[in-house]
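The values are calculated or read from the model by the stated rules, or taken from the named source; none is laboratory data. The shown structure was predicted, so the numbers you read here are calculated from the model rather than taken from an experiment. For neighbour counting, all protein chains shown are included, and Cβ atoms are generated from backbone atoms with ideal geometry for every residue, glycine included. Heavy atoms of the whole protein, side chains included, go into the accessibility calculation; ligands, DNA and RNA do not. Shrake-Rupley method; radii C 1.70, N 1.55, O 1.52, S 1.80 Å.
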Protein chains: 2
Amino acid sequence: MFPPEATEIAIIGSGTIGLSFASLHLLTHPLCTVSIFDTRPDLSSYVHKYLPGYLGRTADADNIKYLDRLVIATTLKEAVESADIVQEQGPEALEFKLSIWPQIELYAPKTALFWSSTSGIPASKQTARMRDPSRLLVVHPFNPPHIMPVLELVPSPTTSQTVVDQTMSYWRALGRSPVLLRKECTGFVANRLAFALFREACSLVAQGVVSVEDLDELVTTSMGPRWAVAGPFKAYHAGGGEGGLTSFMEKIGGTVQGCWEQAEEDVVAQGIVVGGKWQAKVCKQADEAYGVVDTAERDEKTKRVLRAIGRG
Amino acid sequence: MFPPEATEIAIIGSGTIGLSFASLHLLTHPLCTVSIFDTRPDLSSYVHKYLPGYLGRTADADNIKYLDRLVIATTLKEAVESADIVQEQGPEALEFKLSIWPQIELYAPKTALFWSSTSGIPASKQTARMRDPSRLLVVHPFNPPHIMPVLELVPSPTTSQTVVDQTMSYWRALGRSPVLLRKECTGFVANRLAFALFREACSLVAQGVVSVEDLDELVTTSMGPRWAVAGPFKAYHAGGGEGGLTSFMEKIGGTVQGCWEQAEEDVVAQGIVVGGKWQAKVCKQADEAYGVVDTAERDEKTKRVLRAIGRG
C-alpha cells in the first residue's frame, strides 16, 4: 500500500487544499493514483483547468504523465471504494464532517486510512457517528501543502497506533515532515504559534509602534530566516551558549517576562480581539502595502528557501 | 562620512555583539576604520584571537586586509576622539549607560552619531545625563549582526531627525535592513514578536501537546520558511485572496479568536511565567534534544537562506 508500492488516494473536496494535496501525491509518489470527488457540477473541467497550475509543469505533455493517474469521480462511492487513503477537505463545519465519515466508512475498504485536513475540528468530534473511530486522524497541512513540508498529525484518543504509524510512514516516504501531536488541542500547534505572534504584531501596529510593512520587513530579515534554520527552542538554547536554554532563561529571563507582561497589558488596552476597532487600521495598511499578492512568486522563493535548508 | 566615504567607527564593548558588529563594518565598508575599546586587560590578544572567526576568512593573509583597519584603543578617549559613529554594547545596566554617554560626549567629535545596541534600555532613559540627547538612538541587532540583516532603529522623542536619517543611510549603504520604530516600547518589536510565539511554545510543551524537538521541527518546516519570504501580515493578506487581510479575518477570524482565548486560558492554567514550574521540563527537553548547538553550521545555513531570499 505505501510507497514504493501502488497507493490509491481519494481526495474529497476540490478546493485549493484538495488540489494542492492531489498534486503533491501525483508529483512525489509515482505509483499512486488519485481520485477526486466534489459535489460541484463542473468538477472535471474545473480540475483540468486548475490542477496543472499546482503540478507546476508548463508544457501540456509534461502534465499528461501525472494526469494519466487522475480519476474524476462522479460519486463518493466511486471515489473511495478501492482507496487506501481517504483525505477529506470539505467545508469546515462539524455537521458536514459528522455526515461524511459514515458514508465514506460504508463504501471504503476496511483497511483504508481516513485523514481530515481540518484546521480546527478535532478527530474526536468528527468520529461521533462512525462505527470504527480508530481509523480517523487529522492531517493538517500548512498552506499550500504541495510546497510546505510540514503536516500536523493529530489523532484522537481512539485513533489506533497502526493508523498513526502508517500515516507517518506514508509522509516520510514522500519526503515530507510529519509531526505527531500527543494530544488534541484548540487550533493545533502551528496556528497556535503563528496566531500568538500575529496577535502581538496586531497590537504593536495598533499602538503605532511600527507599520504593517515595516513589521513584515523586520520578520523576514530576522525571525523568518532564523526559524527556517532552527526553531525557537533550539535558537534560544544556542543563545544560552554551553548552558543552553537554562542559561538563556537565567540571563534574559527578566527581559522575556517584561515583554510578556507588557504584551498582556497592551492587548487589553488596545482591545485586540477579532473584529475590534484596531482591525480596520491594520487591514487598510495591508491593502495599501500589498494590493493583491503574487503567490506564484512567493512559492518560487519559498522553494529556494526550502532547498537552502535541505527540505525542498 | 558615509559609504563610500571613509568612516571611523568606535566599538565600545568587545563581547560577541561588539565583535560581530566590528566584523560587519570591516567586511562591508572597505573605507572604514574600527577602533575597539573595552576595560578587559587582555583586550588586544582577545580581539585578535576571536575576531578572525567573525570575519570568516580562514587564511591569515585574507584577514590582514581587514585587521589592518582595526585599532585596539587603550582608553575610551582614544577610541572615540575622531569617531564618526560610536556604537555601544556594554553591560545591560542603566547605571552603566547613564555614566558612559557623558564621557563619550566629552571626547567624541560634535558630529558623531551615538548608537546603543541595548536590547531593553530605551534611548530616552540612557540620555538623562547627556548635554545633547538628540545624538543618541538605539540600533538593536538580531544576533549575530554580521549574519542577520535586520537592525531596529529606536530613537527617543528627542533624537534628531538628521541623526535618524544618517543612521538609516549608513545601514542601507552597507546593504543591511534597518527598520525604524515610530515609538519606544518595552523590548522593541523583534523580541516582542519572538517572545510572544515563544510563550505559546512553552505553554504547548508544558501541556504535553508536543515536544520541544517536534515543535522546532514544525516551525522550521512551516512558519520559518514562510516568514523568511513574507511576514505575517503579507502572508495572511495573501491567504485572503483578492479580499486580502480583510477577507482572511472574515473567513478565519473565528479560529484566530478561539486560539487567542485558549492561549490566554492555558498560559494561566500552566503558570507560564519566567521561573515557573514548567521551565525545568522545557529546559531539560532542550538539553536532551540539542546538547551544545553548532552555531557555525547554523550561520552557514542562515547565509544560504538569506541568499535564497535575496538578502545575503
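Roughly how far apart, in whole Å, are the Cα centres of the stretch A:4-44 and the stretch B:94-117?
64 Å
Which whole-number value in Å² is the accessible area per residue of the protein assembly as shown, probe 1.4 Å?
For the protein assembly as shown, the per-residue accessible area is 39 Å².
Would you look at the GNM of chain B, springs on alpha carbons closer than 10 Å, and say which of B:E105, B:E200, B:E152 moves the most?
Maximum fluctuation in the GNM of chain B, among the listed residues, is at B:E200.
Taking the Cα centre of the stretch B:7-186 as origin, sum charge times position over the Cβ atoms of Lys and Arg (+1) and Asp and Glu (-1), and report the length of that vector in debye to the nearest 20.
Roughly 320 debye, rounded to the nearest 20.
For a quick check: with amide H placed at 1.01 Å from N, whose amide H comes under 5 Å from A:S116's, ignoring anything fewer than 5 positions away on the same chain?
Those lying under 5 Å, H to H, from A:S116 are A:E88, A:L137, A:V138, A:V139.
For the stretch B:7-186, just the Cα atoms, rotate onto the principal axes and tell me the three extents in Å, largest first.
For the stretch B:7-186, the Cα spread along each principal axis is 46, 32, 26 Å.
Taking the 0 to 90 degree range and rounding to the nearest ten, how far is the long axis of helix B:161-173 tilted relative to the main principal axis of chain B, both from C-alpha atoms?
In chain B, helix B:161-173 runs at an angle near 80 degrees to the longest axis.
Which pairs in the list B:K97/B:K234; A:K125/A:K281; B:K49/B:K77; A:K234/B:K303; A:K97/A:K234; B:K49/B:K303 are over 27 Å apart, alpha-carbon to alpha-carbon?
Check vs 27 Å cut-off fails for B:K97/B:K234; A:K125/A:K281; A:K97/A:K234.
Which value at 222 nm does the protein assembly as shown reach when only helices count, each DSSP H run of 4 or more adding -39,500 (n - 2.57), with the total divided by all residues and rounded to the nearest 500 deg cm²/dmol?
After summing the helix terms and dividing by residue count, I get -16500 deg cm²/dmol.
In whole Hz, what ³J(HN,Hα) sequence does the stretch B:274-291 give by Karplus (6.51, -1.76, 1.60; θ = phi - 60°), x for Gly and Pro?
Coupling constants for the stretch B:274-291: 4, x, x, 4, 4, 5, 4, 4, 5, 5, 5, 4, 5, 4, 5, 6, 10, x Hz.
Run the label-point distances for B:E78 please: 7 Å along Cα to Cβ, every other copy, nanometres, shortest first.
Copy-to-copy label distances for B:E78: 8.7 nm.
For the stretch A:226-268 and the stretch B:136-166, what is the separation of their C-alpha centers, rounded to whole Å?
The distance from the Cα centre of the stretch A:226-268 to that of the stretch B:136-166 comes to 21 Å.
Beyond 20 Å, how much of the Cα-Cα pair distribution for the stretch A:46-112 remains, as a whole percent?
45 percent
Using a Förster distance of 45 Å, how high is the FRET efficiency between A:L67 and A:K284, based on the Cβ-Cβ distance and rounded to 0.05?
Efficiency, rounded to the nearest 0.05: 0.60.
Leaving out same-chain residues fewer than 8 places away, which aspartates and glutamates sit with a Cα under 19 Å from that of B:K277?
Output for B:K277: A:E250, A:E261, B:E200, B:E264, B:E265, B:D266, B:D287, B:E288.
Nearest 10 degrees, 0 to 90: what angle lies between the long axis of helix B:16-28 and the longest principal axis of chain B (Cα atoms)?
The helix B:16-28 is inclined about 70 degrees to chain B.
Just the projected area, averaged over all directions, of the convex hull on the alpha carbon atoms of the stretch A:191-308: how many nm²?
Averaging across all directions leaves 8.9 nm² for the Cα convex hull.
Using the Kirkwood radius built from alpha carbon pairs, what does the Stokes-Einstein equation give as D for chain A at 4 °C and 1.567 mPa s, in µm² per second?
My calculation gives 60 µm²/s for D.
Solvent-accessible area of B:C202, probe 1.4 Å, all protein chains present, reported in Å² to the nearest ten, please.
0 Å²
With only alpha-carbon atoms in the gyration tensor, what are the semi-axes of the equivalent ellipsoid for the stretch A:199-255, in Å, largest first?
Semi-axes (√(5λ), whole Å): 27, 15, 7.
For B:S119, A:S177, write out the residues from largest to smallest accessible area, computed with a 1.4 angstrom probe and no ligands counted.
B:S119, A:S177
At B:G275, label 7 Å along Cα→Cβ: distances to the other copies, nm, ascending?
4.0
Any idea what diffusion coefficient the protein assembly as shown gets from Stokes-Einstein, in µm²/s, Kirkwood Rh on alpha carbon pairs, 4 °C, 1.567 mPa s?
50 µm²/s
Between the label point of B:K183 and that of the same position in each other copy, find the distances and list them shortest first in nm, with every label point placed 7 Å from Cα along the Cα-to-C-beta direction.
Nearest to farthest, the other copies are at 3.7 nm.
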